[in-house]
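Colleague: Here it is, the structure in full.
The values are calculated or read from the model by the stated rules, or taken from the named source; none is laboratory data. The structure displayed is predicted, hence computed values, not measured ones. Cβ: placed from backbone, ideal geometry, glycine included. Neighbour counts: every protein chain shown.
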Amino acid sequence: MQYKKASKGESVRRHCALPRLRIVAAMLLMAQAQAGLAQSTDGTDEKADGSAPKLLAPVLVEDEAVGGYVERASVGKVPLTAREIPQSVSVLTRKQMDDQDMVTITEAMRQVTGVNVIANDTVNNQYFVRGYGLGVMYDGVPSYNGMTPSHQLDLAAYERIEVLRGPAGVLRGSGEPGGVVNFVKKRPQDKFGFSWEASAGSWDNYRAAGDVTGPLNQDKTLRGRLVVSNEDRRYFYDHTQSKKWLGLAAFEYDVTPRTTLSLSFVAQDQDVDAPWSGLPASRNPDGNGVYPLLDVPRSTFNAPDWGRMRYQTEETTAGAEHRFDNGWVAKAVVNHRKQNQYYKYAFTSTGVHPVTNLVDYRSFRGDYHYTRDGLDLYASGPFEFLGRTHNFLVGWNTEVYNSKGKFGNGPNFTNIPFGDTSSLIEPTINYASGSESETAQHGLYSQLRLSVADPVTLVLGARTTTFKAKTRNRAPSTPTAWRDGAEADDEITPYGALLFDLNRYVTLYGSYTSIFVPQTQLKADGGTLEPRTGHQYELGSKAEFFDGKLAASLALFNIRDKDRAYADPDRPTDNFYLNAGEIESKGWEAEVSGSPLPGLDLVAGYTRLTTRYLKDRNNQGKDYSIASPKHQFKLWANYRFAPDSDLAGVSVGLGLLAQSKAQSSRGWRDELLNSGYGVVNGRIAYQIDKTYSLSLLVNNLLDRKYYASVGTPSMYNFYGEPRNFLLTLRAQY
């Protein structure tokens with residue numbers, strides 16, 4: 001793919017995005033008119049011919065909220081309340097996203113209990129739970145390597161985000177034990193709705209979005225939804241500018257009263273001028289092995305302004321669901337996601353010299369293309385046995401991930417004064433190498449929920465997975481044949497849990513979950529290491545109050561990540577390994593979410609985490625995930641004054657994000673240290689009338705200066721945002 005370099009203040013993307021936005025805007029108006037027509041012709045309980053209305057089976061169960069900040073989770077295929085799931089799970093609802101004016105996945109994940117966000121560059125981040133990277137599912141379909149890191153869609157596309165903490169091997173097959181996040185896109189509704197919002201914020205941050213949904217025929221058997229957003233913004237550091245648009249179209253059709261077909265397409269294009277990979281640290285001035293973080297203005301920008309990143313994402317999802325008379329449901333979902341990513345920029349390759357204030361740079365250029373294809377088939381439902389009702393789930397899924405890329409290193413720039421990039425003239429960089437990788441896995445899974453007695457539920461599950469990866473060189477490198485990589489055949493991951501309803505409010509539970517991760521290191525006999533294996537034990541309690549509007553949970557967990565590559569002590573210079581390494585991740589979590597009082601919505605979560613090497617040649621006894629803080633606390637509360645009070649229509653929100661000290665996210669143990677921090681955010685909103693509302697969000701209310709994450713002595717060290725404001729006008733029809 002060829003990209004034209006935009007001139008100063010102009011982006012190539014701008015010229016192609018505006019026609020698309022006009023088209024989508026026209027579609028929104030057409031859909032609104034059609035929905036209004038459908039309402040006007042079907043506004044009573046009887047059809048125009050006087051016959052009784054057609055009764056349809058419910059089709060929107062998964063999107064029904066239990067409360068403002070409480071929703072059922074479908075990450076386990078069957079929609080369940082958090083109390084019914086014997087693992088730690090958090091659901092970030094659409095209401096909470098709007099109450100906190102969230103627009104990016106990073107903003108959302110920062111609010112989820114137990115999630116640690118590590119910055120990569122201006123728009124890409126990594127997400128860790130319990131010391132490990134998160135896996136990802138899109139509308140319930142597993143997607144390999146989708147979050148580590150990968151460019152994500154704007155939040156305008158999503159109805160909710162579900163985060164399951166701990167291994168999810170039964171659902172996904174191979175994957176790290178940290179957990180999985182399920183992104184659930186907005187679905188068409190059977191009632192007309194139209195909303196839009198416009199916002200303006202600090203550092204020229206401008207955004208507009210629209211969302212229209214409703215029936216597209218008289219019987220409401222055909223429903224549609226269209227979402228569009230457009231963003232043009234700068235950042236608290238100098239020079240960088242991002243332009244992003246998104247469009248989503250979704251349709252559902254009831255072929256019969258019990259069979260529904262669905263189709264959605266979403267596209268996003270983001271162009272970033274002068275991207276940035278963070279500040280360097282200071283070179284070690286004392287010889288003590290510690291690289292001090294810089295104390296400079298937070299607006300400091302140390303990259304050339306000719307740099308550019310561009311991300312294009314397209315995702316198509318199709319599904320079919322049939323609801324049987326006996327309560328069983330059969331569902332098929334197929335997902336195709338295509339991403340193009342282009343980079344050209346320079347980054348610091350050394351720390352800043354403490355005396356001369358000089359730093360070195362490297363430049364590079366890359367062009368990458370990713371495709372992720374997934375298919376998930378399952379059936380679930382109740383059955384009777386020994387006078388009790390139980391539930392069974394059986395399914396099969398497959399996924400294929402393909403990555404193609406070409407890469408070229410540009411010239412190095414040495415002895416550049418820190419903060420002055422005027423001498424970094426844009427170079428011509430030719431592609432020098434290329435590669436392609438493909439990873440495929442498929443598996444059969446099942447889960448049985450047995451109602452042993454009125455207060456006791458036994459959950460048993462298992463999955464068998466086949467995994468295979470391969471790589472090859474491709475142009476501009478000399479093309480080669482495929483080389484086999486990591487693989488596993490018929491790997492079994494069992495699952496078990498027991499739930500005990502202490503009373504009608506509280507449930508106690510214990511669960512066992514397992515994982516496996518294929519490895520590529522060689523053994524002394526020439527073979528490849530067997531996959532990493534591991535398990536998690538989790539004990540906890542969950543409670544629901546106020547008719548399910550308030551949920552609370554407490555969990556203790558212990559993860560053992562075993563059979564890791566361990567340098568062979570008998571062959572210390574030959575790069576041979578044994579399946580002998582082991583890591584432990586343990587701790588506890590607590591979370592409260594929902595509405596404890598009329599008008600009050602809140603989410604609060606605390607995480608205590610310890611990770612360490614139990615068996616390792618070089619790090620035994622040391623911390624494993626040094627970038628993960630031992631203590632993390634997150635709080636958001638929003639209060640709406642009563643309609644009959646003097647402050648009717650006013651709502652106020654207050655939040656806190658706090659964590660203890662952490663170290664480098666790139667393995668620089670004891671050399672890059674980040675102190676703990678606490679950041680307070682606030683919001684005030686006013687409901688002008690039934691249609692319009694106005695809100696003002698203030699992030700970092702106390703203007704705390706801190707590093708949000710630290711990386712290496714040369715880069716990936718990012719300040720948190722200074723105090724900033726976002727004013728948003730919303731309309732809901």
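Colleague: Between residues in segment 295-307 that are within 14 Å of Tyr361 (Cα to Cα) and residues that are β-branched (Val, Ile, Thr) and at pLDDT below 95, which pairs lie under 6 Å by C-beta distance while being six or more apart or on different chains?
Modeller: Pro304/Thr421
Colleague: Kindly list the number of the only condition in (1) in a strand (DSSP E or B); (2) touching a Phe, Trp or Tyr at 6+ places or on another chain (Cβ under 9 Å) that fails for Phe128.
Modeller: (2)
Colleague: Among Thr350, Thr356, which is the only one that is touching a Ser or Thr at 6+ places or on another chain (Cβ under 9 Å), of a type in the set (Val, Ile, Thr) and not in a strand (DSSP E or B)?
Modeller: Thr350
Colleague: Being over 30 Å from Ile85 (Cα atoms) and more than 28 Å from the chain's Cα centre (by Cα) narrows it down to one of Thr528, Thr507, so name that one.
Modeller: Result of the check over Thr528, Thr507: Thr528.
Colleague: Give the residues of segment 515-544 that are under 13 Å from Asp563 (Cα atoms) and surrounded by 18 or more Cβ atoms within 10 Å (Cβ to Cβ), sorted by residue number.
Modeller: Answer for segment 515-544, where residues must be under 13 Å from Asp563 (Cα atoms) and surrounded by 18 or more Cβ atoms within 10 Å (Cβ to Cβ): Ile515, Phe516, Val517, Pro518, Gln519, Leu529, Pro531, Arg532, Thr533, Gly534, His535.
Colleague: Output the residues belonging to segment 359-402 that are basic (Lys, Arg) and either closer than 30 Å to Ile425 by Cβ or surrounded by fewer than 16 Cβ atoms within 10 Å (Cβ to Cβ) (or both). Steps first, please.
Modeller: Looking only at segment 359-402, we keep the residues that are basic (Lys, Arg), and these are 362, 365, 372, 388.
Once the filter is applied, which keeps residues that are basic (Lys, Arg) and either closer than 30 Å to Ile425 by Cβ or surrounded by fewer than 16 Cβ atoms within 10 Å (Cβ to Cβ) (or both), segment 359-402 yields Arg362, Arg365, Arg388.
Colleague: Where residues in segment 129-152 are modelled with pLDDT under 95 and of a type in the set (A, V, I, L, M, F, W, C), which of them is nearest to Asp490 (Cα to Cα)?
Modeller: Val141
Colleague: Of a type outside the set (Lys, Arg), surrounded by fewer than 16 Cβ atoms within 10 Å (Cβ to Cβ) and over 26 Å from the mean Cα position of the chain (by Cα) - does that describe any residue in segment 300-308?
Modeller: Pass one, segment 300-308, residues of a type outside the set (Lys, Arg): 300-307.
From what's left, surrounded by fewer than 16 Cβ atoms within 10 Å (Cβ to Cβ): 300.
In the following step, the residues that additionally are over 26 Å from the mean Cα position of the chain (by Cα) were identified as 300.
Yes, some residue in segment 300-308 is of a type outside the set (Lys, Arg), surrounded by fewer than 16 Cβ atoms within 10 Å (Cβ to Cβ) and over 26 Å from the mean Cα position of the chain (by Cα).
Colleague: Name every residue in segment 394-445 that is part of a strand (DSSP E or B), among the aliphatic types (A, V, I, L, M) and touching a Gly at 6+ places or on another chain (Cβ under 9 Å), in order of residue number. First the steps, then the outcome.
Modeller: Narrowing segment 394-445 to residues part of a strand (DSSP E or B): 394-417, 433-445.
Subset that is among the aliphatic types (A, V, I, L, M): 394, 400, 416, 440, 444.
Val400, Leu444 - these are the residues of segment 394-445 that are part of a strand (DSSP E or B), among the aliphatic types (A, V, I, L, M) and touching a Gly at 6+ places or on another chain (Cβ under 9 Å).
Colleague: Next question. Does Gly146 satisfy the criteria of being touching a His at 6+ places or on another chain (Cβ under 9 Å) and surrounded by 21 or more Cβ atoms within 10 Å (Cβ to Cβ)?
Modeller: no
Colleague: Among the residues of segment 213-250, count how many are under 21 Å from Leu155 (Cα atoms) and of a type in the set (D, E, K, R).
Modeller: Looking only at that region, the number is 7.
Colleague: Name the single residue that is farthest from Ser437 (Cα to Cα) among those in segment 475-497 being of a type outside the set (Gly, Ala, Ser) and buried (at least 16 other Cβ atoms within 10 Å of the Cβ).
Modeller: Looking at the filtered set, the residue picked out is Tyr495.
Colleague: Something else: Do we find a residue being closer than 25 Å to Gly114 by Cα and either in contact with a His (Cβ under 8 Å, 6 or more places away or on another chain) or among the small types (Gly, Ala, Ser) (or both) anywhere in segment 692-701? Step through it out loud before you land on a result.
Modeller: Narrowing segment 692-701 to residues closer than 25 Å to Gly114 by Cα: 697-701.
Subset that is either in contact with a His (Cβ under 8 Å, 6 or more places away or on another chain) or among the small types (Gly, Ala, Ser) (or both): none.
For segment 692-701, residues closer than 25 Å to Gly114 by Cα and either in contact with a His (Cβ under 8 Å, 6 or more places away or on another chain) or among the small types (Gly, Ala, Ser) (or both): absent.
Colleague: Within segment 442-479, can you find the residues that are touching a Ser or Thr at 6+ places or on another chain (Cβ under 9 Å), within 25 Å of Arg372 (Cβ to Cβ) and among the polar types (S, T, N, Q)?
Modeller: Selection gives Gln447, Thr464, Thr465, Thr471, Asn473, Ser477.
Colleague: Of everything in segment 315-354, what is in contact with a Lys or Arg (Cβ under 9 Å, 6 or more places away or on another chain) and either of a type in the set (A, V, I, L, M) or under 23 Å from Trp668 (Cα atoms) (or both)? Give them in sequence order.
Modeller: Ala320, Val329, Ala330, Ala346, Phe347, Thr348, Ser349, Thr350, Gly351, Val352, His353, Pro354
Colleague: Give me the residue from segment 116-143 that is under 28 Å from Asp232 (Cβ atoms) and aliphatic (A, V, I, L, M) and, out of that set, surrounded by the fewest Cβ atoms within 10 Å (Cβ to Cβ).
Modeller: Taking the candidates together, the pick is Val117.
Colleague: Restricting attention to segment 389-447, report how many residues are in contact (Cβ under 8 Å) with a residue 12 or more places away in the chain, of a type in the set (Asp, Glu) and over 23 Å from Asn145 (Cα atoms).
Modeller: Number of matching residues: 1.
Colleague: For Asp623, which of the numbered conditions (1) within 26 Å of the chain's Cα centre (by Cα); (2) more than 27 Å from Gly682 (Cα to Cα); (3) at pLDDT 95 or above fails to hold?
Modeller: (3)
Colleague: Filter segment 498-514 down to the residues that are surrounded by 16 or more Cβ atoms within 10 Å (Cβ to Cβ), at pLDDT 95 or above and among the small types (Gly, Ala, Ser) and list them by number.
Modeller: Answer for segment 498-514, where residues must be surrounded by 16 or more Cβ atoms within 10 Å (Cβ to Cβ), at pLDDT 95 or above and among the small types (Gly, Ala, Ser): just Ser511.
Colleague: Next up: Taking segment 602-638, which residues are assigned to a loop (DSSP other than H, G, I, E, B) and surrounded by fewer than 18 Cβ atoms within 10 Å (Cβ to Cβ)?
Modeller: If the condition is that a residue be assigned to a loop (DSSP other than H, G, I, E, B) and surrounded by fewer than 18 Cβ atoms within 10 Å (Cβ to Cβ), then Arg617, Asn618, Asn619, Gln620, Gly621, Lys622, Lys630 are the ones that fit.
Colleague: Tell me, which residue of segment 552-574 that is touching a residue at least 40 places away in the same chain (Cβ under 8 Å), more than 25 Å from Tyr132 (Cβ to Cβ) and not charged (D, E, K, R) is surrounded by the fewest Cβ atoms within 10 Å (Cβ to Cβ)?
Modeller: Pro569
Colleague: A follow-up question, please. So which residues in segment 480-538 are among the polar types (S, T, N, Q), closer than 20 Å to Gly443 by Cβ and not in a strand (DSSP E or B)?
Modeller: Answer for segment 480-538, where residues must be among the polar types (S, T, N, Q), closer than 20 Å to Gly443 by Cβ and not in a strand (DSSP E or B): just Gln519.
Colleague: Assess whether Val123 counts as being in contact (Cβ under 8 Å) with a residue 40 or more places away in the chain and closer than 20 Å to Glu544 by Cβ.
Modeller: no
Colleague: Evaluate the following for Ser363: is it under 30 Å from Thr480 (Cβ atoms), in contact (Cβ under 8 Å) with a residue 60 or more places away in the chain and of a type in the set (Gly, Ala, Ser)?
Modeller: Working: under 30 Å from Thr480 (Cβ atoms): yes; in contact (Cβ under 8 Å) with a residue 60 or more places away in the chain: yes; of a type in the set (Gly, Ala, Ser): yes.
Taking the combined requirement at face value, the residue satisfies it.
Colleague: Restrict the check to segment 431-441 and report whether at least one residue is in contact with a Pro (Cβ under 9 Å, 6 or more places away or on another chain) and either more than 30 Å from His369 (Cα to Cα) or of a type in the set (Lys, Arg) (or both).
Modeller: The answer is no, given that none of the residues of segment 431-441 is in contact with a Pro (Cβ under 9 Å, 6 or more places away or on another chain) and either more than 30 Å from His369 (Cα to Cα) or of a type in the set (Lys, Arg) (or both).
Colleague: Also, quick follow-up: Restrict the check to segment 160-181 and report whether at least one residue is crowded, with 23+ Cβ neighbours inside 10 Å and under 26 Å from Leu279 (Cβ atoms).
Modeller: Scanning segment 160-181 turns up no residue that is crowded, with 23+ Cβ neighbours inside 10 Å and under 26 Å from Leu279 (Cβ atoms).
Colleague: For Asn575, only one of the following conditions fails: (1) at pLDDT 95 or above; (2) more than 22 Å from Gln659 (Cβ to Cβ); (3) of a type in the set (S, T, N, Q). What is its number?
Modeller: Result: Asn575 fails condition (1) only.
Residues are listed down the side, and each one gets a yes or a no for (1) part of a loop (DSSP other than H, G, I, E, B); (2) modelled with pLDDT under 85:
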{"residue": "Gly36", "(1), (2)": "no, yes"}
{"residue": "Gln39", "(1), (2)": "no, yes"}
{"residue": "Thr44", "(1), (2)": "yes, yes"}
{"residue": "Ala52", "(1), (2)": "yes, yes"}
{"residue": "Arg83", "(1), (2)": "no, no"}
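Colleague: Given the conditions (1) touching a strand residue (DSSP E or B) at 6+ places or on another chain (Cβ under 8 Å); (2) hydrophobic (A, V, I, L, M, F, W, C); (3) modelled with pLDDT under 95, which single one is not true for Trp668?
Modeller: Checking Trp668 against (1) touching a strand residue (DSSP E or B) at 6+ places or on another chain (Cβ under 8 Å); (2) hydrophobic (A, V, I, L, M, F, W, C); (3) modelled with pLDDT under 95, the one that fails is (1).
Colleague: If a residue must be touching a residue at least 40 places away in the same chain (Cβ under 8 Å) and part of a strand (DSSP E or B), how many such residues does segment 639-650 contain?
Modeller: So the count comes out to 2.
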